[in-house]
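This report concerns only the one structure given below.
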Amino acid sequence: MIRVLLAEDQSMVRGALRALLELEEDIEVVAEVGRGDAVAAAAAEHRPDIALLDIEMPGADGLTAARELATVLPTCRAVILTTFGRPGFLRRAMEVGAAGFLVKDAPVAELAAGIRAVMAGERVIDRDLAAAALAIGATPLSTREADVLRAAADGATVADIAGRLFLSEGTVRNYLSSAIGKTGARTRVEAARVAEEKGWL
């Protein structure tokens with residue numbers, strides 16, 4: 001049996017996934033959590049082979065949970081399962097060691113096949129998303145530009161951002177201007193939204 005930990009914050013979706021996966025003769029859901037910061041403890045307790053992790057969860061996102069999982073239970077392979085089929089997320093998932101990246105609207109048979117493939121040591125990635133990631137390429141934003149855009153996303157002023165990141169206001173303006181240009185946006189809030197949609201933040 002392939003032992004699976006399921007991390008999904010929407011209880012209805014989590015219950016449906018569990019029910020569908022348990023129709024497979026060789027898959028058993030041994031634990032389920034609704035928060036990203038509960039993944040590591042559940043993995044340590046239940047020793048799953050595979051962890052299916054949603055990207056956006058309270059407590060910690062799926063990418064952070066995958067990174068923690070690699071430390072707590074290195075034998076468990078993380079598979080990101082998400083509605084957010086964004087190329088930047090795929091790249092970040094691979095950087096934290098995820099063994100798979102699948103979108104939630106894929107057929108259940110494809111998910112089950114992906115779990116089996118990951119269990120066999122393969123890396124499984126949604127084909128359309130992989131093609132999009134190759135087409136877009138790496139993030140054009142520098143680390144500092146990304147930091148400044150994250151801080152600007154909620155409408156913070158230049159002074160607020162400067163204080164939060166220990167930068168001068170002039171430096172913040174320069175980073176914002178550069179990031180706006182690279183994202184093709186007109187304002188810093190729009191630039192943050194574009195970068196978020198592409199998975200660059």
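Numbers at a glance
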item: Residues satisfying the stated conditions in the stretch 104-119, i.e. closer than 21 Å to residue 91 by Cβ and buried (at least 17 other Cβ atoms within 10 Å of the Cβ); result: 114, 118
item: Counted residues, the stretch 162-182 - those being over 17 Å from residue 193 (Cα atoms) and crowded, with 17+ Cβ neighbours inside 10 Å; result: 3
item: Yes/no for residue 92 being within 22 Å of the chain's Cα centre (by Cα) and either outside the structural domain of residue 21 (by the TED database) or part of a helix (DSSP H, G or I) (or both); result: yes
item: Subset of the stretch 183-201 (residues that are free of Cβ contacts under 8 Å to residues at least 40 places away in the same chain, assigned to a loop (DSSP other than H, G, I, E, B) and open to solvent by 60 Å² or more (accessible area, probe 1.4 Å)); result: 184, 186, 187
item: One residue from 77, 123, 116 being in contact with a strand residue (DSSP E or B) (Cβ under 6 Å, 6 or more places away or on another chain), of a type in the set (Lys, Arg) and either modelled with pLDDT of 95 or more or under 19 Å from residue 3 (Cα atoms) (or both); result: 77
item: Enumeration of residues in the stretch 19-42 that are among the small types (Gly, Ala, Ser) and under 18 Å from the mean Cα position of the chain (by Cα); result: 34, 36, 38, 40
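The values are calculated or read from the model by the stated rules, or taken from the named source; none is laboratory data. Being a predicted model, the structure only gives us computed values, none of them experimental. Neighbour counts are summed over all protein chains in view; Cβ atoms, including those assigned to glycine, are modelled from backbone coordinates with ideal geometry. The area values use the complete protein model at the heavy-atom level, side chains included, leaving out ligands, DNA and RNA. Shrake-Rupley method; radii C 1.70, N 1.55, O 1.52, S 1.80 Å.
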